[in-house]
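Colleague: Pasting a structure here, questions to come.
The values are calculated or read from the model by the stated rules, or taken from the named source; none is laboratory data. Small disclaimer: the values here were computed from a predicted structure and weren't measured. Because the Cβ atoms are built from the backbone with ideal geometry, glycine has one as well, and the counts that use them run over all protein chains shown. Surface accessibility is based on the protein's heavy atoms, side chains included, excluding ligands, DNA and RNA. Shrake-Rupley method; radii C 1.70, N 1.55, O 1.52, S 1.80 Å.
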Amino acid sequence: MANTPPAPRIPRRIRRALAGLRWRIRAYVVVEGLSLAVIWICLTFWAGLALDYLPVLLGADEMPRPARALVLAGIAIVLGIILYRWILRRAFVRMADRSMAILLERRHRQFRDSLITSVELTGANIGTNTPNARMLAETETAALDNLSHVRLSSIFDARPLLFSLVGAVVLVATIGGAIAADQRFETRFLELGFRRLYLLDNDPWPRSAAIEIVGLQVQRDELDSGAALVDSMLEFRGGRLKVARGASVSLFVRADAGAKKIPEVCSVYYTTAEGDRGRVNMTRVGGIREGFQNYRYDGKPLKGILSNVKFDVVGFDHRLRDYEIEVVDSPVVIEAMLDCTFPEYMVNEQLATWLPRTIPLTTATQLPIGTRFTLHAHTNKPLASALLNDTESGEPLSISLSEGKNTCWFEVPELTGNLSLELTPIDTDGIAADKPYRIYIVGVEDQPPTVSVRLQGIGTAVTPDVMIAIQGKIEDDYEVASSAFEVTVNDGEPRSHSFNLQPGGTVEASIDFREQRSESSGIKLQPNDRLSLTVIAADKYDLGDTANVGTGDHYQLEVVTPDKLLSMLEARELGLRRRFEQIQDEMTELRQSLIRVKNEGPATAEATSEPGVDAGDENNAESAVDRIWSLRLLRSQRARLQSEKSAQETLGVAASFGDIRAELINNRVDTEDRKQRLQTQVVAPLQAIGDTLFPELDLRLVALFERLDARVKESTDPHAEDAETVALAATAVEQTDEILLAIDAVLQSMLDIEDYNELLDRVRDLIADQEGLLDETKKAQKQQVLDLLQ
């Protein structure tokens, strides 16, 4: 077999040119890819720094670590894509000689396919002396000639690479300049940004402002003196603070005046439990004090807060986050009881009154002075402490908590007057009651006994042998210890005469001055003396120096002789008789009025019509008839009023005669016959008239009035007489006649008694004259004896 000639090889210069082009392409790709990677890293560094720091300038917090980790992951992914797409996928791809030749041919048209032909036919079996070989040699020669005039760098467009390089250099320069400034001013700003972005460090950005929450202050009524006892500034613990539901609070924040920036305003961003959101600005309070600028806010949603509120406070670039005000029920006193032990003088074990007992505290609680009590206040929740303040003195008082801690108590050893306190319970959350629980107990002083008595059968004058009787009642809040008459004769010293009370404090007692005269130390009355008498009563009060003494009405009495008293009583009898005669006259007029009601009917009106008036004038006739009916109705009404008045006056006259009779008895004057006459012939008949006869007349007059009133309102013929009216008027007249007869009988008895009294007066005058004559005779006889002895 003949030997095959070797295939021609690519000329060395061509291979070197193609290899140089290949290297340049890879270098271009790597440099461009690295420039883009640097640009991406620098841009994302500044962008990440801005995302992390710019919110801080706006008062927000830094990006949390998960967000920064997500950003870092995005940066890494995009960087990987850049490296892969712009470097790995392009720089390490196979670049054949033919591709490099085509690239040169496209850029330099003078090769006229000589370079690509030289590359493609290299290695082909074309022989050595064949025409093809000669043509190949000529082509390579032409390619080499043209290749000496070609610059490989002209193949590339340098502008994209230049832009990438310039961008990368500029961005790297900015970072470098920032690093230099950072190191110069020792701010470590970029270092912190690098660590936060690439190392996910959680160190916060430095703030220009520095604020802190001082706490909350509960707004209280200035009138609540107990509020001053409660620490009004509440501090947050762990970002949480509890306040009472419905309370109005003020939020206090302060900024460090030594920081780079003092906020012009601090803002509160809040969210309520109902989902309401908002932003409010705090008020700047005064100037800088003690190195701090203070801010305050007390508006919505902190006024009358009803639900939990979460909030952040922003002051320039400093934000205080995740604070919460938790609303809870405030401690409230739901019940208060008093364990009372009353003063010993009040206690009555037999009647089981005023024994120790427990009573509820109300707004109108009253306790006797001297009561010892313990107040137990029950609250709606456990307590940590309680404050008790005396509103009058302003001094705090000691108060204790029970084991259950839902009850606090304090003891008052002795109530000396009105007690006014304010109790402020504080629960285990440190929350004080919004308003103090007011305790007001009225100390009731022991009052003297009430003496309500009056004299029985005693007038303004008495005899020396009088027996003064009293009736009535003596009452005390607790119990009466003693009761007595206090008697003063003329200007002498008061003297007491004790008596016992009846059950229930009823008084039925008397003092007999005839018995007093018989006693050696008794009270002796003489005519013309002035007797002053009152009733006193003392209770069992033992907290003071003396017991409480109650005094009844004071009575001033004149001591007279029996004859003078009789004269005074007879004068009163005469006045009563004249008064009764007036009653008789009034009743007589009432009878005449009733007779007119009975007799003056419609026929009377027609008969008394004016002469000369036309009989056919119906209007005039009807007017006269109507006037008659109206007059009858008016007279019946007046008669009823007069009957009621006369009945009361008759009973008054009866009572007055009864008093006269009682005075005769109590003063031990006059005969039993006269006393009996007064009772049976005057007092008893008068009472019968007032209690029996007059009520019956009133019933008949009421029936008459009602019938007349109905007759006037009826639409019947007014000219017709009403038989029922006439009959009722007749019965009323009959009853009036019966009363007049009874009155006349009593008046006759009065006259008989008056004649009897006149007879007695004459007898008394005769006896007095006889006694005077005897005295003169005795005196004359004594004088004769003296004359004979001389």
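Colleague: So how much slack lies between L397 and L543, counting 0.36 nm per residue of separation and subtracting their Cα-Cα distance, in nm?
Modeller: 50.0 nm
Colleague: Solvent-accessible area of L355, probe 1.4 Å, all protein chains present, reported in Å² to the nearest ten, please.
Modeller: 60 Å²
Colleague: Here's something else I'd like to know. Would you please name the GluC sites (Glu not before Pro) within region 498-554 that are DSSP coil residues with at most 14 other C-beta atoms within 10 Å of their C-beta?
Modeller: Sites meeting the loop and neighbour criteria: E519.
Colleague: Sticking with this one: Carbon and sulfur atoms: what percent of the 1.4 Å accessible area of region 634-718 do they account for?
Modeller: On region 634-718, the fraction of accessible area on carbon and sulfur atoms equals 50 percent.
Colleague: Sticking with the crude label model, points 7 Å out along Cα→Cβ, report the distance from A67 to E475 in nm, one decimal please.
Modeller: 8.3 nm
Colleague: What ranking, highest mean first, results for peptides 686-692, 237-243 when packing means the other Cβ atoms within 10 Å averaged over each residue?
Modeller: Output ranking for 686-692, 237-243: 686-692, 237-243.
Colleague: While we're on this one: Excluding ligands, DNA and RNA, what is the solvent-accessible area per residue of region 537-578 at a probe of 1.4 Å, expressed in Å²?
Modeller: About 55 Å² of surface per residue is accessible.
Colleague: Just to make sure I understand: if all protein chains stay in place, what is the order of E403, E264 by accessible area at 1.4 Å, largest first?
Modeller: My answer, sorted largest first, is E403, E264.
Colleague: Go through W23, W205 and list them by solvent-accessible area, largest first, probe radius 1.4 Å.
Modeller: I get W23, W205, largest accessible area first.
Colleague: OK, next. In square angstrom, rounded to the nearest 10, how much accessible surface does H554 have for a 1.4 Å probe?
Modeller: 120 Å²
Colleague: For the pair S520 and T341, how long in nm is the line joining their label points, each one 7 Å along Cα→Cβ?
Modeller: Label-label distance for S520 and T341, simple model: 5.0 nm.
Colleague: Turning to a different aspect of this structure: Tell me which GluC sites (Glu not before Pro) from region 527-605 have a DSSP coil assignment and no more than 13 other beta carbons within 10 Å of their own.
Modeller: In loop regions of region 527-605 (DSSP not H, G, I, E or B), there are no sparsely surrounded GluC sites (Glu not before Pro).
Colleague: Which loop-located GluC sites (Glu not before Pro) does region 164-224 contain, where loop means any DSSP state but H, G, I, E or B and the Cβ has at most 11 other Cβ atoms within 10 Å?
Modeller: Listed in order of number, the matching sites are E186, E222.
Colleague: Here's a follow-up. Please report the carbon-and-sulfur percent of the accessible area for region 367-492; probe 1.4 Å, protein heavy atoms only, DNA, RNA and ligands left out.
Modeller: 45 percent
Colleague: Next up: Just grab the label-to-label distance for Q783 and K300, each label 7 Å out from Cα along the Cβ direction, in nm (one decimal).
Modeller: 12.2 nm
Colleague: Moving on. So what's the gap between the Cα centers of region 159-185 and region 51-80, to the nearest angstrom?
Modeller: A separation of 21 Å, based on Cα centres.
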